[in-house]
Amino acid sequence: MVNVLFVCLGNICRSPTAQGVFERTVADAGLSSQIAVDSAGTTDWHVDEAPDPRAIRAARGRGIDLSRQRGRQVQASDFERFDYILAMDRENLRTLQRLCPSRHQHKLRLFLHYAPHLGLTDVPDPYYGGPQGFDDVLNLVEAASAGLLADIRSNHLRSNVDSPEKR
Ligand code: 4NP
């Protein structure tokens, strides 16, 4: 099993959206039994809360249900448990870098690392803006999800690829 954790500030807007989108990306690829997806916040501000209604509405517009997710804060065991720990922006990456033991630092990355063609580092925080911000989040997250799945395939799921030496 490959374990993926998305991390933002509150775990009610960006990282739940990333979780929902990437779960669908994985399901569409037929890989749900091999890749597990979760999300968390660097703060405890919205623990046990459902995602922001605006995030739920925007995702529903693309056929993705976020409503059953609940907010949680990053905990020490996450650095052991997850193989990919992906921050939605540089501020949250810095927070993770402060919390994470050195032996697990290699797991930390910006999520948009997997969409280099965008030329962006951060998924902008939509919390204080209008509904368009949530659609922008979905667009960025969809782009990076494709790149992330490609990375997982090439680094972890190679045995499933029909390689020449096996023929
Ligand atoms: P998120 O957005 O980090 O994408 O979940 C935010 C949610 C809540 C707050 C800030 C950002 N807040 O200030 O409560």
Fill in the blank from the handout: How many residues of the stretch 1-48 are of a type outside the set (A, V, I, L, M, F, W, C) and in contact (Cβ under 8 Å) with a residue 60 or more places away in the chain? The answer is 8
Handout entry: Glu49 vs. criteria within 12 Å of the ligand (Cβ to nearest atom) and open to solvent by 70 Å² or more (accessible area, probe 1.4 Å)
Key = yes
Exercise for the section: Being assigned to a loop (DSSP other than H, G, I, E, B) and more than 16 Å from the ligand (Cβ to nearest atom) is the filter; apply it to the stretch 94-120 and report the residue that is surrounded by the fewest Cβ atoms within 10 Å (Cβ to Cβ). Expected result: Gly119
Exercise for the section: Would you be able to say whether some residue in the stretch 121-129 is within 15 Å of the chain's Cα centre (by Cα), buried (at least 19 other Cβ atoms within 10 Å of the Cβ) and either within 15 Å of the ligand (Cβ to nearest atom) or assigned to a helix (DSSP H, G or I) (or both)? Expected result: yes
Fill in the blank from the handout: Reported set for the stretch 14-26 where residues are open to solvent by 10 Å² or more (accessible area, probe 1.4 Å) and either hydrophobic (A, V, I, L, M, F, W, C) or within 16 Å of the ligand (Cβ to nearest atom) (or both) is Gln19
Fill in the blank from the handout: In the set Ser154, Ser145, Ser67, the lone residue that is open to solvent by less than 70 Å² (accessible area, probe 1.4 Å), within 22 Å of Arg24 (Cβ to Cβ) and touching a residue at least 24 places away in the same chain (Cβ under 8 Å) is Ser145
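The values are calculated or read from the model by the stated rules, or taken from the named source; none is laboratory data. Nothing here was measured: the structure is a model prediction, and the numbers come from that model. Every residue, glycine among them, receives a Cβ derived from its backbone with ideal geometry; neighbour counts consider all protein chains shown. For the accessible areas, the whole protein counts, side chains as well, though only heavy atoms, and no ligand, DNA or RNA atoms are used. Shrake-Rupley method; radii C 1.70, N 1.55, O 1.52, S 1.80 Å.
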